[in-house]
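S.K.: Handing you a structure now.
The values are calculated or read from the model by the stated rules, or taken from the named source; none is laboratory data. Values in this document were obtained by computation on a predicted structure and should not be read as measured data. Counting neighbours? That spans all protein chains shown, and the Cβs are built from the backbone with ideal geometry, glycine included. Accessible surface areas use protein heavy atoms only, side chains included; no ligands, DNA or RNA. Shrake-Rupley method; radii C 1.70, N 1.55, O 1.52, S 1.80 Å.
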Amino acid sequence: MKTMSDRPHIRVELLSNPIYLCGARELVGSVAKRLGFDDLDCSKIALAVDEALCNVIRHGYNRRTDCPIWISIWPIENGSGKPAGIKIVIEDEAKQVEPLKMRGRELSDIRPGGLGVHIIREVMDEAQYERREGKGMRLTLIKKADVGESPVRLASRTAQSSAAHKRQATER
Amino acid sequence: MASDENIAVLDDLAEGVVVVRPTGDVDMSRSPDLRMALRAVHEGRPMKLVVDLEQVGYMDSSGLATLVESMRTAKGNKTSMVLCAMNDKVRAIFEIARLHQFFTIVDSLEDAISA
């Protein structure tokens, strides 16, 4: 399994203002949908990105709303070149932390907060934090499309459906 | 009934019951509004607090944290707190966080009021 190229297929910059989280969720969820994930998985992937952005805003930038965050997206293909998942990278210029310290709280310790990292790791197949060169952090998220139908299959089904409708229209 | 743009608070559906009904996305930018609404309701120490999530399309961990805080307050005040009418996407985050067993969750507002 590999990403289709080194260059991101999508790269956006947003400010660290929580009001833009909805836009990031829409973007990621919509792209995941086109890559073959079902609705629930799309929602979960968007949730993981939302939680990652919240952590950057809340802990990295101490809730400052004017700092940059970058989201990059790649499709992942399998050995035969078919779409097989999504890779999302979130980068910032926030304070650097030890990647191994990026852990959520124990779930049995029920209290407000501290769930973001747990949710990210639960939802995604891979979640890796690292320091960026110079300043800031980078979070690489990978979700494999092992449940939903691939776009190729969906496209094929759509074509079949379209052909069937045309046949029905002709028969009428 | 009191309300702001995103959250309605209804106290006339059943005696001793207050229903808080947020709408739209409950994320980091909007969960503070829900927190304020719930805190205000707790000041009145109702017998039962129902959070009706039927019109919530999305919730993140900030929304969960808000509800966990409210549940703690409810337990301290001996207020019964019930969540209702959440969609599958919202329910998923409760399950991911293993919080679906911490809350009383029912399917409908009617069930919540009678629970």
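S.K.: Considering only region A:57-68, how many residues are within 11 Å of chain B (Cβ to nearest Cβ) and outside any loop (DSSP other than H, G, I, E, B)?
M.R.: Looking only at that region, the number is 2.
S.K.: Does A:Val56 fit the bill of being under 29 Å from B:Arg72 (Cα atoms), touching an Asp or Glu at 6+ places or on another chain (Cβ under 7 Å) and either at pLDDT 95 or above or open to solvent by 10 Å² or more (accessible area, probe 1.4 Å) (or both)?
M.R.: yes
S.K.: I've got another one for you. Within the bounds of region B:37-59, is there any residue that is crowded, with 17+ Cβ neighbours inside 10 Å, basic (Lys, Arg) and out of contact with any strand residue (DSSP E or B) (no Cβ under 6 Å at 6 or more places or on another chain)?
M.R.: no
S.K.: Test of understanding: among B:Glu69, B:Glu95, which residue is loosely packed, with under 15 Cβ neighbours inside 10 Å and within 13 Å of another protein chain (Cβ to nearest Cβ)?
M.R.: Just a single option satisfies the conditions, and that option is B:Glu95.
S.K.: Being under 28 Å from B:Phe94 (Cβ atoms), at pLDDT below 95 and within 14 Å of chain B (Cβ to nearest Cβ) is true for just one of A:Leu47, A:Leu14, A:Leu40. Which residue is that?
M.R.: On the way: A:Leu47 fails: at pLDDT below 95; A:Leu14 fails: at pLDDT below 95.
The conditions single out A:Leu40.
S.K.: Which residues, counting only those in region A:21-37, are within 12 Å of another protein chain (Cβ to nearest Cβ) and surrounded by fewer than 21 Cβ atoms within 10 Å (Cβ to Cβ)?
M.R.: Narrowing region A:21-37 to residues within 12 Å of another protein chain (Cβ to nearest Cβ): A:21-26, A:29.
Across region A:21-37, the qualifying residues are A:Cys22, A:Gly23, A:Ala24, A:Glu26.
S.K.: Name the residue that is farthest from A:Ala46 (Cα to Cα), counting only residues in region B:3-32 that are surrounded by fewer than 17 Cβ atoms within 10 Å (Cβ to Cβ) and within 12 Å of another protein chain (Cβ to nearest Cβ).
M.R.: Selected residue: B:Pro32.
S.K.: Let me ask another. Going by the structure shown, is B:Leu49 within 14 Å of chain A (Cβ to nearest Cβ), modelled with pLDDT of 95 or more and farther than 25 Å from A:Ser16 by Cβ?
M.R.: In short, no.
S.K.: Might you let me know whether region B:77-88 holds any residue that is of a type outside the set (Val, Ile, Thr), within 12 Å of another protein chain (Cβ to nearest Cβ) and free of Cβ contacts under 8 Å to residues at least 24 places away in the same chain?
M.R.: Within region B:77-88 (the criterion being of a type outside the set (Val, Ile, Thr), within 12 Å of another protein chain (Cβ to nearest Cβ) and free of Cβ contacts under 8 Å to residues at least 24 places away in the same chain), the answer is yes, since at least one residue qualifies.
S.K.: If I ask for residues that are among the small types (Gly, Ala, Ser) and within 18 Å of A:Gly114 (Cβ to Cβ), which ones from region B:22-36 would you list?
M.R.: Within region B:22-36, the subset among the small types (Gly, Ala, Ser) is B:24, B:29, B:31.
Within region B:22-36, just B:Ser31 meets the criteria.
S.K.: Same structure again: Can you name the condition, by its number, that A:Leu40 falls short on among (1) open to solvent by 20 Å² or more (accessible area, probe 1.4 Å); (2) farther than 24 Å from A:Gly104 by Cβ?
M.R.: Result: A:Leu40 passes all but (2).
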